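What follows is a set of notes on a single structure, which appears directly below.
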Amino acid sequence: MHAVAFISQSALNHNLSLVKALAPKAKIVSIVKANAYGHQLDLIAPLIEGADMLGVSGLAEAAQLRKQTNAPILLLSGVYTDEELSCAIKLNCHIVIHSPSQIELINNTKQASNIWLKLDTGMHRLGLSKQEYQKCLPMFSTNPLVNIACVMSHFACADEPNHPTNKAQLDTFNALTDNSLARSMANSAAILSNTKATFEFVRPGIMLYGVSPFSPANTTPKLSPVMQLTAPILSVKTIPFGASVGYGGSWVADKKTTIAIIAIGYADGYPYHAKSGTPVLIGNTLCPLLGQVSMDFICVDVSHINPKIGSQATLWGTEKLAVETVAKYSDTIPWTLLSGVSSRVEFVQAI
Ligand SMILES: *Cc1c(COP(=O)(O)O)cnc(C)c1O
């Protein structure tokens with residue numbers, strides 16, 4: 001009687017084929033950082049086998065992923081010491097270079113490396129300035145040990161397709177680069193909304209997991225949710241008018257109410273900030289969450305259905321209940337919900 005997340009292999013295949021249809025000429029870097037956005041690296045074979053490259057954040061993730069594939073791995077955070085650099089090369093990583101200290105590290109090493117130069121085109125997070133880029137480019141181009149595999153940048157506002165920053169960033173990127181080097185700019189939102197940003201490599205993340213980066217999601221072509229998060233009903237009871245439910249008694253019954261206690265809580269990754277009214281799917285019925293989310297449990301109103309103890313509730317990941325909806329009720333984004341599903345949840349491969 002515990003929470004289970006089903007990871008759909010056919011949904012992974014479907015979402016990957018949608019990326020291919022939207023960017024038919026580009027190579028695909030499946031972004032699988034944070035344990036494949038919480039979906040577990042060992043359960044996402046279609047993304048690993050179907051991609052040209054795989055993107056992770058740090059070396060620990062790269063080392064774990066390397067046990068599963070020989071494909072090149074893109075190390076998005078780059079390396080900071082000679083040891084990390086050797087380790088990255090040994091793991092056959094393509095190393096993102098985003099700061100001047102990394103430029104020196106690469107240029108001084110005696111080992112051959114594949115690098116991706118990351119430009120800051122306006123997000124002002126990681127990335128080289130125009131000056132830093134123009135200074136290192138001739139240096140790397142004449143260093144026989146360094147292969148510049150790609151020049152990349154990242155959008156700050158791609159999930160708002162009409163945001164002026166998108167065009168400004170793309171213009172900056174185009175002004176600084178040309179087709180003599182492979183280029184990469186597009187995350188999921190840009191793949192879905194900006195055909196001019198696909199270039200030679202695309203870097204889809206959230207869409208591979210069947211989730212729209214847009215809000216509202218209705219502009220998105222049909223993605224299939226990959227993770228269905230479920231938990232069993234542990235108890236059903238009827239409470240009278242005026243009775244409160246859960247910690248703090250924040251929800252008070254305005255009539256006689258039948259409630260179900262479900263075996264999932266914030267320690268499993270269900271959002272603590274989910275408001276009363278957040279839908280939970282039981283059978284075919286959306287039932288509203290009542291009161292505070294506990295560490296191990298939530299309570300929902302099941303007055304209109306008569307569920308049995310042991311029957312399964314779905315917290316997100318079906319046609320009727322998208323993770324995007326739960327994110328909205330919790331004042332967060334789907335990325336945090338998916339990557340926050342904890343190791344207490346059992347993960348099961350599904351068709
Ligand atoms: C995480 C990440 C992506 C994927 O972003 P989504 O919005 O999930 O598609 C792409 N590029 C970089 C550099 C990233 O860090």
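The values are calculated or read from the model by the stated rules, or taken from the named source; none is laboratory data. These numbers come from a predicted model, not from an experiment. Neighbour counts are summed over all protein chains in view; Cβ atoms, including those assigned to glycine, are modelled from backbone coordinates with ideal geometry. Surface areas here come from the heavy atoms of the whole protein model, side chains and all, with no ligands, DNA or RNA. Shrake-Rupley method; radii C 1.70, N 1.55, O 1.52, S 1.80 Å.
Observations on the model:
- Per residue, in Å², the accessible surface of the range 134-278 once ligands and nucleic acids are set aside, probe 1.4 Å: 44
- In a fully extended conformation the segment linking Lys67 and Asn306 would gain 81.4 nm over its present Cα-Cα distance, using 0.36 nm per residue.
- Label point of His163 set 7 angstrom out along Cα-Cβ; within the range 99-130, amide nitrogens under 13 Å from it belong to 122-125.
- Global geometry of the chain, whether rounded, prolate or oblate, following the gyration tensor of its Cα atoms and the 1.5 cut on a/c: prolate
- Over the chain, relative contact order from alpha-carbon pairs under 8 Å, at least 6 apart, %: 20
- Span from the the range 32-55 Cα centroid across to the the range 146-194 one, whole angstrom: 23
- Val348-Ala21 pseudo-label distance in nm [points 7 Å out on the Cα-to-Cβ vector]: 3.0
- Length gained on full extension, Glu83 to Ser180: 31.8 nm, using 0.36 nm per residue less the C-alpha separation.
- Those residues of the range 206-247 whose amide nitrogen sits under 13 Å from the label point placed on His2, 7 Å along Cα→Cβ: 232
- Given their separation in residues at 0.36 nm each and the Cα-Cα distance between them, Thr285 and Thr172 gain 35.7 nm when the chain is fully extended.
- Loop sites in the range 124-190: trypsin sites (Lys or Arg not before Pro), DSSP, at most 10 other Cβ within 10 Å: Arg125
- Where only DSSP H runs of four or more residues are counted, the chain gives -7500 deg cm²/dmol as its mean residue ellipticity at 222 nm, each run worth -39500 (n - 2.57).
- Within the shell defined by Cβ-Cβ distances under 11 Å, the residues around His154 carry a net charge of +2, with Lys and Arg each +1 and Asp and Glu each -1.
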